[in-house]
Amino acid sequence: MDSNMTFRLDADVKEQMSSICRELGMTTSTAFNLFARAFVRAKGMPFAVTIQAPVESKLISREQMLADAGQILEEFGTDYARMAE
């Protein structure tokens with residue numbers, strides 16, 4: 001059964017996320033579902049939450065972002081297929 005969740009998100013972040021999701025061919029709902037499944041699988045944040053020194057202002061190319069996203073989705077697909085066995 002599906003369930004709805006409502007939360008607040010900064011408007012600029014929401015627009016940036018929506019734009020990236022469109023480029024990746026997915027909805028923001030799909031992106032949140034990917035995160036939620038990874039969160040459950042990891043039993044917590046699926047990435048390190050740390051306090052780091054500010055990163056130099058360096059733009060990442062669109063190609064690098066798409067490559068990174070592709071790798072994440074590929075890893076998720078592999079994990080998902082393994083869990084479905």
Per the filter on the range 19-37, residues small (G, A, S) and either under 9 Å from the mean Cα position of the chain (by Cα) or closer than 21 Å to F47 by Cα (or both) are S29, A31, A36
Residues in the range 1-42 that are among the aliphatic types (A, V, I, L, M) and out of contact with any helix residue (DSSP H, G or I) (no Cβ under 9 Å at 6 or more places or on another chain) total 6
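Quick note: the coordinates plus some simple rules give every number you see, no bench work behind them. Owing to the predicted nature of the structure, the values given are computational and were not obtained by experimental measurement. Backbone-built Cβ (ideal geometry, glycine too); neighbour counts: all protein chains shown.
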